[in-house]
Amino acid sequence: MHRLAFATRTASAYPALSERIEINGTAGFCDPLGGLHLPDLGVLVVSDLHLEKGSAFARRGMMLPPYDTLATLRILEAIITRHDPKIVISLGDNFHDRRGSSLMPPQFREMIETMARGREWIWINGNHDPDGAMTLPGTSMDVLRLANLVFRHEPSVDNPQGEIAGHLHPAATVVRREKRVRRACFATDGLRMIMPAFGVTTGGLDLRHKALTGLFDRPRLVAHMLGRDRIYSVPFGNLVG
Amino acid sequence: MNQIDPARAAQSPIALPAPFLRWFAEKGWRPRAHQLDLLSRVQGGESMLLIAPTGAGKTLAGFLPSLVSLTERGKIPPGSAFSGIHTLYISPLKALAVDIERNLMKPVTEMGLPVRIENRTGDTPQAKRQRQKLNPPDILLTTPEQLALLLANGEAERFFKDLKYVVFDELHSLVTSKRGHLLSLGLSRLRRLAPSMQTIGLSATVADPMDLQRWLVAQVPDEDRHAGLITVTGGAKPEISILRTEERVPWSGHQAAYAMPAVYEAIRDTKTTLLFVNTRSQAERLFQELWTINDDNLPIALHHGSLDVGQRRRVEAAMAENKLRAVVATSTLDLGIDWGDVDMVIHVGAPKGASRLAQRIGRANHRMDEPSRAILVPANRFEVMECQAALDANYLGAQDTPPVGRGALDVLAQHVLGMACAAPFDPLELYAEIISASPYADLSWETFERIVDFVATGGYALRTYERYAKIRKTADGLWRVSNPQIAQQYRLNIGTIIESPMLNVRMVKRNARGSIGRGGMSLGKVEEYFLEMLSPGDTFLFSGKVLRFEGIRENECLVSQGYTLDPKVPSYAGGKFPLSTYLAAQVRKMLADPNHHATLPEQVRDWLSLQKDFSRLPKEDELLIETFPHGKRHFMVSYAFEGRLAHQTLGMLLTRRLDRAGLKPLGFVATDYSLAIWGLEDMGVAFKKGKPSLGALFDEDMLGDDLEAWLNESFLLKRTFRNCAVIAGLIEQRHPGKEKSGRQVTVSADLIYDVLRSHEPDHILLEATRNDAATGLLDIGRLGDMLMRIKSHIRHQQLDRVSPLAVPIMLEIGRETVAGEAQDILLAEAADELMNEIKAGH
């Protein structure tokens, strides 16, 4: 995971090699750390943090490393430091399951409190955590409308215009010289955007998967793939998978 | 050594009961000396290893002590107290267990022995398994995985309490893998459940029999304990030749297309031929090539592990009935399934190891006293030398089977959980039991404790999972499973064979409008990652057919008939053996000694003498390095002869160092024989100036920090980690076909690896991963030995152009690039295409 190494080592020193895009006419920058910066609105969007995923699995007998929450929060710290947004929007599945936010160790709670100081924090509710984030700074809600954009967890079928959603963990694959490279990506056709999952132990769903059919105008769909220190933008037609 | 019962040892060596003597007499046979020898030594209380060539009556020898003992015991009267199994037979293959049942039942029925024999494999129905537990057979034929399942059961103690003998078939192939490690741990538990049990190992010839002899008995610190050994030599020497044709032997490649007419001719002149290759993709190609020239329509079949089971069984049956003239096969047929008369073995491509060649040749002709016939077909000029070395080795009887190796830690974790599932365990007792298994004899108490901790809570320094522990130490000092679901989960994930996700390949029809029809015949399975590189319309070679990829529907890959002559070939992971150390040394010797060149074909002789005049032939213990310009690049070729894996690791490490020295290396390619690195700067000039010197460049210290730094970002290590994590029970194996969405992974091993490495680099599972990689994919051990060997024996030749010896590897360039680290470069290429399109559009 290049993001973690990159964020913890060099985030503040490096210039952000983001990719400029537009959603429903609003300018945004896809940051290779996995967040979307909307400078005109002073907003930073992240999605699918899946905090406390390790411990959720451990409760069911799979002892995944208990370091995923810390790692995700470190990258979040780095990207917030980089853009210093007025508003942070976390697009749902903030915690891996319902009990996640109440069982989270105090040190992580404190990290989030520090990050939220001096800015507004919106927790959009997801399917993994429909009850909202408990005892954390910020506001929980299902949908947020801001300017000409709509922020929700699951992409809607009928109203793509200006929608920024998560839930699907889009990833894209390219093949060059018989080698396959698969990366998480921002997926947008200019009308709506589906965000990559921000959490460090979250897998991806291929953009060509049937769960994503019908959501985009495919001729205009571009995968902005997360590289080591920059975004690689590849049109849908050039992907495989 | 086992204790010997003096009373039994004193008995006459021929102690066969009457039904046996009668049976041998009726058949007009006599028991062979080694069969009686084995019987009497086992009866004397020893555990034994029997090494014998194919066709020597090994199987009967292995079962003779059991059959005699069971005959003496007689039938158990109905209504007697429960009696557990008497003999356990373990084979590496399900098919072999089934085959042996058939072969063993024949004499048992003919002699009228009161013996019940049954097999138990993954295919055995649930009802039969239940019955076997309630009413065990006398002899149970099974596989290592089934043994592990039986041992993790609460009734194991009862089931195995009467066990007298354990027979291990094809022991040489079992012991060197993780399966062998798991089996050795299972054996250590069997010894505790049935302390007087004896083992009998059956094996082909190996380099170091003592390794296996120790494996068979309980190890005691500072004592030499090993089973007895009976070696059956003899059998006629095989008649091996190297294919000579008038055709030009190519410089590189692995297909041997030049030799096809000659190979076809040999098939036509022989009754039944078995053709061996090293990989499944080679098998597909060879099969295709033979059918293109099969003017006589000879029945030639294809057999490899990815094909549909039904299809494989049909080939096996046709072969047993002598209906086929030839079968193209991979290592799936290495092991001793008896399937009819084979008159000749043709090995296409070099066999890569002397013992492997011997075992494959053994497949021709199961009658021990007639010589086997074999032809080796080298695919390129280096392979000519390799084939010659293998042929010499076979004549001398030299062996190069790998050593048993140290027990893997992920396997140990699986076993510890299994033992907790069977019954609460005392850690001291379990530790003592485990170090009695030879692969784990050196296991430290501290490591054992870390493994127990890993099984319980993941073994993390951040102790947050205590409340979720899978096993817990209770007040009586015993460890027990926290709840019954843990045992259930364990049973579903047992085993050490991790398959990469595969999809079923199904043939469909396309109608006139181009839409895809209903599903037809299933052809077998192909790796998911290969399919992900295909777009609909691409063609590839599989199951001997050219197929057109139509798409993926649920868990199946749909294909239709393809009509093209230039299909892609699945490049399967694995199955590509590196050149054995022994053969490598022989090839080096051959190269260095001009007297040896006389045995080689003229084409190869000419090539070597050109090399001698133009540059230099490396001496036996010397590392020859050539530097030369070619095109716009500067090249450095090292002739290390240590196998592809070790060369690949060396390439990774050298490019790092060259990069640091400012020599701007761009890429490298590795073969079994040499390594080529290319870059923008003239490396030869830099070496002459000592910036850096070759001695410094090849210093053993590259295995320190450079290796560590590279490993940390290497994709190879991630693949190894995934296997370790599954075997150790950290993540569950994807069960192809059983997943909901088929291609959606809930937990990605790669992501877990990254998180673990950055937060707890000393974690026990990372240690297990590094140990594995060192012996497996990276072959660091071999690289280390080589660096030591060539120290101050490096010979640099600075040339103005490509040397004859460098030609083969120069032809490989372009087929591979630096993997892993180059990923972002490929992404950039894909993104730049967009840029170019945009520019073109304006």
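See the values below:
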quantity	calculated
Some residue of region B:457-471 being modelled with pLDDT under 95, under 30 Å from B:Gln611 (Cα atoms) and out of contact with any strand residue (DSSP E or B) (no Cβ under 8 Å at 6 or more places or on another chain)	no
Residue ranges of helices (runs of 4 or more DSSP H) in region B:258-335 with at least 2 members modelled with pLDDT of 90 or more and surrounded by 18 or more Cβ atoms within 10 Å (Cβ to Cβ)	B:260-268, B:280-292
Failed criterion for B:Ala227 (all others in (1) of a type in the set (Gly, Ala, Ser); (2) surrounded by fewer than 13 Cβ atoms within 10 Å (Cβ to Cβ); (3) touching a strand residue (DSSP E or B) at 6+ places or on another chain (Cβ under 9 Å) hold)	(2)
Output for region A:170-187, where each listed residue is surrounded by fewer than 24 Cβ atoms within 10 Å (Cβ to Cβ) and modelled with pLDDT of 95 or more	none
Residues (within 24 Å of B:Pro804 (Cα to Cα) and of a type in the set (Val, Ile, Thr)) located in region B:349-402	B:Val377, B:Val384
Residue check, A:Ile122 crowded, with 18+ Cβ neighbours inside 10 Å, among the β-branched types (Val, Ile, Thr) and farther than 30 Å from B:His763 by Cβ	yes
Verdict on A:Phe216 being farther than 23 Å from B:Glu527 by Cβ and surrounded by 22 or more Cβ atoms within 10 Å (Cβ to Cβ)	yes
Which numbered condition B:Lys237 fails, given (1) part of a helix (DSSP H, G or I); (2) open to solvent by 10 Å² or more (accessible area, probe 1.4 Å)	(1)
Residue that is farthest from B:Ala725 (Cα to Cα), among those in region B:442-467 that are open to solvent by 40 Å² or more (accessible area, probe 1.4 Å) and within 12 Å of chain A (Cβ to nearest Cβ)	B:Arg467
Close pairs (7 angstrom Cβ cut-off, 6 or more residues apart or separate chains): more than 9 Å from chain B (Cβ to nearest Cβ) in region A:210-238, among the acidic types (Asp, Glu) anywhere	A:Phe216/A:Asp189; A:Asp217/A:Asp189; A:Arg220/A:Asp189; A:Leu221/A:Asp189; A:His224/A:Glu19
From B:Ala374, B:Ala358, residue being at pLDDT 90 or above and under 28 Å from B:Asn103 (Cβ atoms)	B:Ala374
Failed criterion for B:Leu663 (all others in (1) without any contact (Cβ under 8 Å) to a residue 60 or more places away in the chain; (2) outside the structural domain of B:Asp682 (by TED's automatic domain parsing) hold)	(2)
In region B:206-224, residue most open to solvent (accessible area, probe 1.4 Å) [restricted to those that are charged (D, E, K, R) and in a loop (DSSP other than H, G, I, E, B)]	B:Asp222
Given (1) assigned to a helix (DSSP H, G or I); (2) over 16 Å from B:Leu182 (Cα atoms); (3) not aliphatic (A, V, I, L, M), number of the condition B:Arg463 does not satisfy	(1)
Candidates B:Lys161, B:Lys128, B:Lys133, filtered to the one that is basic (Lys, Arg), more than 18 Å from B:Thr59 (Cβ to Cβ) and at pLDDT 95 or above	B:Lys161
Qualifying positions in region B:520-541 - part of a strand (DSSP E or B) and either over 16 Å from B:Lys509 (Cα atoms) or at pLDDT below 70 (or both)	B:Gly524, B:Lys525, B:Val526, B:Glu527, B:Phe540, B:Leu541
Enumerated helices (runs of 4 or more DSSP H) restricted to region B:657-774, each holding at least 2 residues that are within 14 Å of chain A (Cβ to nearest Cβ), at pLDDT 80 or above and more than 29 Å from the chain's Cα centre (by Cα)	B:749-759
Filtered residues of region B:638-668 (kept if touching a Lys or Arg at 6+ places or on another chain (Cβ under 7 Å) and crowded, with 22+ Cβ neighbours inside 10 Å)	B:Phe641, B:Glu642, B:Gly643, B:Ala646
Restricting region A:57-97 to residues that are on the phi > 0 side of the Ramachandran plot and surrounded by fewer than 24 Cβ atoms within 10 Å (Cβ to Cβ), the residue that is farthest from the other protein chains (Cβ to nearest Cβ)	A:Asp84
Hits in region B:686-722 - residues which are in contact (Cβ under 8 Å) with a residue 60 or more places away in the chain and either of a type in the set (Asp, Glu) or open to solvent by 50 Å² or more (accessible area, probe 1.4 Å) (or both)	B:Lys688, B:Asp699, B:Glu700, B:Glu713, B:Phe715, B:Arg722
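The values are calculated or read from the model by the stated rules, or taken from the named source; none is laboratory data. Being a predicted model, the structure only gives us computed values, none of them experimental. Don't worry about glycine lacking a Cβ; one is built from the backbone with ideal geometry, like all the others, and counts go over all protein chains shown. Only protein heavy atoms, including side chains, enter the accessible area calculation; ligands, DNA and RNA are left aside. Shrake-Rupley method; radii C 1.70, N 1.55, O 1.52, S 1.80 Å.
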